[in-house]
Amino acid sequence: MNTTAFIGCAHIHTPGFIKMLKERDDVMVKSVWDHDDARGQKRADEMNARFFGDYRTILDDPEVKSVIICAETNRHEELVLAAAGAKKHMFVEKPLGFAADDARKMADAIEKAGVKFQIGYFMRGNPAYRFLKSEIDKGHFGRINRIRGSNCHAGALKGWFDQEWRWMADPKLAGCGAFGDLGTHSLDIMLWLMGEVTRVSATIDPGNARYGKDCDELGEALMVFKNGATGTLAASWNDIANPVQLQLAGTEGHAVIVNGQLHYQSTQVNDSDIKQPWTQLAPELPHAFNLFFDALAGKDVPLVPVREAAYRSAVMQAMYESACQQKWVDVK
């Protein structure tokens, strides 16, 4: 039995994580902390756990082997460094950090502590993305020239962040608006498939400005990968649909994901036809959150390396800097 605790309950995914935990019989949530006492007590009551007003009390408990950090992003550095110092395995909701510097400090501390780490990049378990990763590794796309990713929904149009989750539309607390919030998922997939980038250019906009002119509701970025390919990333809270999630074009292969359905063709793969859905896919992996606890249970499952999580924060920082400066920005 893994004994875990919540260190922060602010993120919109917290209720979903609680539901997943209740469906497991190998994890017990012993304690909960949040700087908002009422919010923390509410979540503790939902899990029959004890609420503490000081997270250090939880970190000092030898029975607690892991922690779930779903606090506001501006609190991540303090909490992650403290958890690493206490040698606790940790799941941290995305993004890891505000920018490159704090994300790097957290990565350094986690690696030094030698604990297991996972971040909420759940899209890696999608069968279509897993298949594309395998085909790229096999060389079935030839030289990849471009990749396009999109992750959009109607969150601002429907007021999802008007009340309980209002902090997520406050860049002082979240570190970003829609582009960073949703874009980090597609950015993770694009970097996972293509590798690192050298420079980026972006336009990021308040859109309808439901949450004020300082909170972006949509954006689009260009990036140049070290392998020479060009990437385009779109993310928005102002879209009523997101039909085309990914497009990947190479000299030997082409793929597109439309409404969750993969279409694929390669000169290296018999019977592949871009006009027909490709259905020869492995099963979907468990959610990134469940993979974390599977790993703690001793299962051999893929987790997101903390350096990769930190790098996503660095690339996203460069994109926001580009939008502000209106010029290309090199990625550190």
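No lab work stands behind these numbers, since they all come straight from the coordinates. What you see is a predicted model; the values in this text were computed from it and never measured. Reconstructed Cβ throughout: ideal geometry from the backbone, glycine too, with neighbour counts over all protein chains shown.
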Practice item. Give the residues of the stretch 127-173 that are under 19 Å from Gly183 (Cα atoms) and of a type in the set (A, V, I, L, M), sorted by residue number. Key: Ala128, Ile147, Ala154, Ala156, Leu157, Met168, Ala169, Leu173
Check your understanding: Quick one: how many residues across the stretch 258-305 are within 17 Å of Asn2 (Cβ to Cβ) and aromatic (Phe, Trp, Tyr)?
Key -> 3
Check your understanding: So which residues in the stretch 153-185 are in a loop (DSSP other than H, G, I, E, B) and closer than 16 Å to Ala103 by Cβ?
Key -> Gly175, Cys176
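Across the stretch 267-288, which residue is surrounded by the fewest Cβ atoms within 10 Å (Cβ to Cβ) among those that are among the small types (Gly, Ala, Ser) and touching a helix residue (DSSP H, G or I) at 6+ places or on another chain (Cβ under 7 Å)?
The selected residue is Ala282.
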Study note, to complete from the structure: Of the residues in the stretch 269-289, those that are polar (S, T, N, Q) and closer than 22 Å to Arg148 by Cα come to Ser272, Gln276, Thr279
Study note, to complete from the structure: Selection over the stretch 208-219 where residues are touching a Gly at 6+ places or on another chain (Cβ under 9 Å) and either without any contact (Cβ under 8 Å) to a residue 40 or more places away in the chain or over 20 Å from Val315 (Cβ atoms) (or both) yields a count of 5
